[in-house]
There are 2 protein chains.
Amino acid sequence: MSRIAETARKIKPVDRRFHEKAQARLDILTKPQGSLGRLEEFALRLVGIYGNEMPELPKKIIFTFAGDHGVADAGVSAFPKEVTPQMVLNFVRGGAGINVLARQAGADVAVVDVGVDYDFENAEGMHHMKVLQGTGNILDGPAMTPEEAEKCVEVGIALAKEYKSKGYNLLGTGDMGIGNTTPSSAICSCITGLPVKDVTGRGTGIDDEALKGKVNAIEKALSLNKPDPRDGLDVLAKVGGAEIGAIAGLCLGAAAEGLPVVVDGFISTAGALIAHTIEPGVAEYMFSAHRSVEIGQGAMLEKMGLEPIVDLGMRLGEGTGSALAMMLMDSGLRIYREMATFADAGVSDREG
Amino acid sequence: MSRIAETARKIKPVDRRFHEKAQARLDILTKPQGSLGRLEEFALRLVGIYGNEMPELPKKIIFTFAGDHGVADAGVSAFPKEVTPQMVLNFVRGGAGINVLARQAGADVAVVDVGVDYDFENAEGMHHMKVLQGTGNILDGPAMTPEEAEKCVEVGIALAKEYKSKGYNLLGTGDMGIGNTTPSSAICSCITGLPVKDVTGRGTGIDDEALKGKVNAIEKALSLNKPDPRDGLDVLAKVGGAEIGAIAGLCLGAAAEGLPVVVDGFISTAGALIAHTIEPGVAEYMFSAHRSVEIGQGAMLEKMGLEPIVDLGMRLGEGTGSALAMMLMDSGLRIYREMATFADAGVSDREG
């Protein structure tokens, strides 16, 4: 059995008895029942996933997976391709958006080269797990071979396992890759069955004409490569990307290890959808970080039954949404752990 | 001139030149322009309000104003009235939702008795600024006298000034008062002109029948007391509440002192609307913390041109939404302060 199939098989349903225990505690805290809304949901889900009635605040890490895209040469992005390695080095130096927000959230950042078209020469402070030097142009053929696609997913699986053993117990996804909203929209259209134009947005900020070209390019790539929507690895290999595969692997790996995983924005949601196509049970371990400006994200979230935690008009990626969501998930757990009960505080419950 | 009129006159429009300076900096940080969405908006607005091109992270405090309501005896709430003082003591001991979330946000909590129907006997750890022992029942007459309404607003004005002098520069509102969604819906209907049934919700959790009774009670109170929708103090006196007046005062006081103020949920938004009716210029200094479950909040926010920061299905009050919003406002300022520029990081801009 392949490592991916083995990982998918390890994913178990969350133990509902812990949800009941969490709900019972939430209902005796000094507030009207349910009045903290989704903060209570976050606490309940985390208690269930950890299988622990009183979990500590989690040790957090966000993985920013980087990869390049052959299709970026086709004018689908507002930024040139060399920005991918430049931003990777910015992450390593701590100057990017993800670094700032992860510091605030108390999360570490792991920068992972899965498929950047640049030789980092063993630069320190990052994971060198390169599977390929940028994907092939999906207008000419598949993004990568089936073997490469498997290897990309395995990168995420291996990291989930490695960081669990280091004591991390809340993982987050992030991405960097000029051009990567294009494969993400392709994955979205293929798996949800929605027309390309309904799931394709402006990425880093292209104009109307470039958007039209992007839609045409995705339509062409899908009709040329014919990915099978029921086969996540096939979709990944034919129209995906290296960092998207690693994100899918991190989701599968986290769930297999019994850890919650925060799925950042549009690109991460496409990766999560690949994981979900491989094993739908992964969704119980996922938290959607934020509502992206990219229009394709909603349909993918709906397919997985996820509701974003914040909606702040963001479209940066990197894991920036994951960092914000982790703060609010902590809020839920803090409420659960620290609030006084009606009995402790001598407060009358509604029965008075 | 009254203290309130004097405070309202001190409110100046925010200096737009600082918005331009903030925007110029946001646009050279290593991200596509505008890609951090509302985090950028928070930074820009704060730079404008402070009139400081590089503000420090603010020193934060949330004011939880408490008051009782005569109308609570009319079955409009799921909880008995004695819960107001019980919860005040819970705040002072640090066991309530607001204490937990304020600790996470790095905000202090000031607990203020403005109108609780209970003698706290100079209990430590809270502000004793009682104007009245619970409002009158608005089904029988006005909630309070015009003089009492002024005094409640002055409580908030005085605290904004006092805490500015103590070095606090981000203020947040919160409330505690069994029955206080009833006066809040009354204020909302009166000032927005919307029918009572469209702006009245379940508060802490009443059933269908009690909701019907609540709507009838508010309609009766409005037709009996006839508040003038153009006169914020008249509305406050006739159908408002002590804590709602103090919230209005805190908003006016913050704006007069040149400080941003975070407006929590439904009750706080009703207080903010009283302030806005007195002086519309206050809105430039306000941030709406969260979208409350209470259905009346939206129309009030629209009238003031505010958009909530988070939407997590919350309906607790106390300032819990303010605490979460403060974390995300900090996120915006951190992005603004800490991110590398394109030039610093050697990253190609889109013209690259």
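The values are calculated or read from the model by the stated rules, or taken from the named source; none is laboratory data. All values reported here derive from a predicted model rather than from experimental measurement. Cβ placement follows ideal geometry from the backbone for every residue including glycine, while neighbour counts extend to all protein chains displayed.
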Point to revise | Which numbered condition B:H290 fails, given (1) without any contact (Cβ under 8 Å) to a residue 40 or more places away in the chain; (2) crowded, with 24+ Cβ neighbours inside 10 Å; (3) over 14 Å from the mean Cα position of the chain (by Cα) | key: (3)
Check your understanding: Considering only segment A:105-158, how many residues are outside any loop (DSSP other than H, G, I, E, B) and either within 14 Å of chain B (Cβ to nearest Cβ) or of a type in the set (V, I, T) (or both)?
Key -> 9
Point to revise | Among (1) crowded, with 21+ Cβ neighbours inside 10 Å; (2) closer than 18 Å to A:M300 by Cβ - the single one A:M144 does not satisfy | key: (2)
Study note, to complete from the structure: The number of residues in segment B:90-104 that are in a helix (DSSP H, G or I) and either facing chain A (nearest Cβ under 7 Å) or surrounded by fewer than 23 Cβ atoms within 10 Å (Cβ to Cβ) (or both) is 8
Exercise for review: Out of the residues in segment B:23-32 that are out of contact with any Gly (no Cβ under 7 Å at 6 or more places or on another chain) and either over 22 Å from B:A343 (Cα atoms) or surrounded by 14 or more Cβ atoms within 10 Å (Cβ to Cβ) (or both), state the one that is nearest to the other protein chains (Cβ to nearest Cβ).
Suggested key: B:L29
Review point. How many of the residues in segment B:190-246 are assigned to a helix (DSSP H, G or I), touching a helix residue (DSSP H, G or I) at 6+ places or on another chain (Cβ under 7 Å) and among the polar types (S, T, N, Q)?
Key: 2
Review point. Does A:V263 satisfy the criteria of being within 25 Å of B:L36 (Cα to Cα) and either without any contact (Cβ under 8 Å) to a residue 12 or more places away in the chain or more than 14 Å from chain B (Cβ to nearest Cβ) (or both)?
Key: yes
Practice item. Go through segment A:267-352 and tell me which helices (runs of 4 or more DSSP H), entirely inside it, have 1 or more residues that are of a type in the set (D, E) and at pLDDT 95 or above. Key: A:297-304, A:320-338
Practice item. Give segment A:331-349 a look and list any residue that's at the interface with another protein chain (Cβ under 8 Å from one of its Cβ atoms) and in contact with a Leu (Cβ under 6 Å, 6 or more places away or on another chain), or say none. Key: A:S331, A:I335, A:M339
Check your understanding: A:I61 versus (1) more than 10 Å from every other protein chain (Cβ to nearest Cβ); (2) in contact with a strand residue (DSSP E or B) (Cβ under 9 Å, 6 or more places away or on another chain); (3) buried (at least 24 other Cβ atoms within 10 Å of the Cβ): which is the lone unmet condition?
Key -> (3)
Review point. Looking at segment A:67-89, is at least one residue under 27 Å from B:R291 (Cβ atoms), surrounded by 21 or more Cβ atoms within 10 Å (Cβ to Cβ) and either out of contact with any strand residue (DSSP E or B) (no Cβ under 9 Å at 6 or more places or on another chain) or more than 14 Å from every other protein chain (Cβ to nearest Cβ) (or both)?
Key: no
Check your understanding: Among A:G317, A:G258, which is the only one that is in contact with a helix residue (DSSP H, G or I) (Cβ under 9 Å, 6 or more places away or on another chain) and within 24 Å of A:D198 (Cβ to Cβ)?
Key -> A:G317
Review point. Does B:G298 satisfy being away from every other protein chain (no Cβ under 11 Å), more than 18 Å from A:M327 (Cβ to Cβ) and free of Cβ contacts under 8 Å to residues at least 12 places away in the same chain?
Key: yes
